[in-house]
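Below: one structure, written as structure tokens.
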Amino acid sequence: VIYTGSVTGLYKSADRGDHWKKRLNAAPLDGTVTSIAVSPKSRALVWVGTSAGRVYLFNNEEGTVKDRTGTNMPNRWVSEIVASQQDKNRAFVSFSGYDANSMDTAHGGNGNAGKVFVTSDKGKHWTNMSGNLDGAHQMDVPISCLTVSPSSESTLWLGTDAGVWRTPDGGQNWTSFRGTMPVVAALDIEANLQTGYLTVGTFGRGVWRTPLSEW
């Protein structure tokens, strides 16, 4: 089963891309699809984020599409959605761009700040877990990607324009996890329990990894 996104919505193939069904959402979504996450605990649940900062939950068993954008979320580009490996009701979402821009209501911002959010009730409510990722701590940097520890979902890693950041306490505190990496944008990141590594793909400076067992 393969999903792909477009400027108007979500498409699905059940035979590795040989054939595609018509668009799953009847009405166009708000913004271009920028991230897709299928719940490992319930394959019928598919999370979708868009360039307009919207978050949608598709339920293929019910045939429904619900706008699950939090009222406390910024209206910036959704850079990543991660569905929990432990709870079908939980998902994590990250936003690109700067808090300073979304706080600027005179120039298109909606007045909300935040980099990372989590829900435990299928998007009915969202908790801001950005912690010290703000301008006051000189950490208002765009987030490109997000991954969650497969063993403890209170540990997360972010790929940012300034390398990798990590929280061990559910987002209360974030610190640089760059190590010997250069100060470069991290564009893709994955914590893989099968390989045993946290792997990071960067903009022009190669691929880096570190053993998950050490963290």
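Of the residues 84, 94, 102, 120, which is open to solvent by 50 Å² or more (accessible area, probe 1.4 Å) and touching a Lys or Arg at 6+ places or on another chain (Cβ under 7 Å)? Let's see the steps before the verdict.
Values: 84 fails: open to solvent by 50 Å² or more (accessible area, probe 1.4 Å); 94 fails: open to solvent by 50 Å² or more (accessible area, probe 1.4 Å); 102 fails: open to solvent by 50 Å² or more (accessible area, probe 1.4 Å).
Matching residue, one of 84, 94, 102, 120: 120.
When the test is whether a residue is under 17 Å from the mean Cα position of the chain (by Cα), modelled with pLDDT of 95 or more, assigned to a loop (DSSP other than H, G, I, E, B) and more than 23 Å from residue 66 (Cβ to Cβ), residue 114 does not pass it. Taking the listed residues 50, 34, 71, the one that is crowded, with 20+ Cβ neighbours inside 10 Å, modelled with pLDDT of 95 or more and under 22 Å from residue 99 (Cα atoms) is 50, with no other qualifying.
If you go through the range 185-211 and pick out every residue that is farther than 18 Å from residue 83 by Cα, open to solvent by 90 Å² or more (accessible area, probe 1.4 Å) and in a loop (DSSP other than H, G, I, E, B), you end up with 2.
With respect to the conditions (1) part of a loop (DSSP other than H, G, I, E, B); (2) out of contact with any helix residue (DSSP H, G or I) (no Cβ under 7 Å at 6 or more places or on another chain); (3) surrounded by 21 or more Cβ atoms within 10 Å (Cβ to Cβ), residue 145 lacks only one, and its number is (1). The residue of the range 1-31 that is nearest to residue 57 (Cα to Cα), among those that are among the β-branched types (Val, Ile, Thr) and open to solvent by 50 Å² or more (accessible area, probe 1.4 Å), is 4.
For the range 147-156, the condition of being at pLDDT 95 or above and among the aliphatic types (A, V, I, L, M) holds for at least one residue.
The values are calculated or read from the model by the stated rules, or taken from the named source; none is laboratory data. Just so you know, these numbers come straight off a predicted model, no measurement behind them. Don't worry about glycine lacking a Cβ; one is built from the backbone with ideal geometry, like all the others, and counts go over all protein chains shown. Surface accessibility is based on the protein's heavy atoms, side chains included, excluding ligands, DNA and RNA. Shrake-Rupley method; radii C 1.70, N 1.55, O 1.52, S 1.80 Å.
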